Amino acid sequence: MGAGSSIGSFIDSVIGLFWDILNFIGENPDAVAFIALAAITIASAIFVVISDEVVHSAFYLALTFVCVAVTYFFLQAELIGVVQIMVYVGAVTIMFAFSIMLTRRTIMKRRDSDE
């Protein structure tokens, strides 16, 4: 009887933990959204570094910048968020992507002419 009772109390504690998590999500949707955004930001920043394709790294960098801009919106600093999107995502990242694509085209033409 002791083993069945301990399994039942374990299941009750797991169900209680599940309901506590659901209550936290219901009471703090901003915190949950911020945690999800932070996880996406960290993951995309890691992918910038470990990605084998340079173009993919540039677009992961754009995703990182967008997530940082959304974080500014969470902090109610809308102007900084808009500037972040316009300057970093709209200008710097696209410049990186275009320069990578144009450089690769020149390199590919040189390889073809050498052969």
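A few notes on this one:
- Helix axis angle, 2-27 relative to the chain longest principal axis, alpha carbon, degrees: 50 degrees
- Using the Karplus relation 6.51 cos²θ - 1.76 cosθ + 1.60 with θ = phi - 60°, the per-residue 3J(HN,Hα) values for the range 37-43 come to 5, 5, 5, 5, 4, 5, 5 Hz, with x marking Gly and Pro.
- Mean separation of Cα contacts under 8 Å, 6 or more apart, over the residue count of the chain: relative contact order %: 19 percent
- Cβ crowding within 10 Å averaged over residues, with 60-73, 25-38, 80-93 ranked highest first: 60-73, 80-93, 25-38
- Multiplying the residue separation of L22 and T103 by 0.36 nm and subtracting their alpha-carbon distance yields 24.1 nm.
- Among [x] 15.3; [y] 16.5; [z] 18.0, the entry that matches Kirkwood radius over Cα pairs in Å as calculated here: [z]
- The long axis of helix 54-74 is offset from the longest Cα principal axis of the chain by roughly 50 degrees.
Quick note: the coordinates plus some simple rules give every number you see, no bench work behind them. Everything numeric in this text was worked out from a predicted model, so none of it was measured. As a convention, Cβ positions derive from the backbone with ideal geometry for all residues, glycine included, and neighbour counts pool all protein chains shown.
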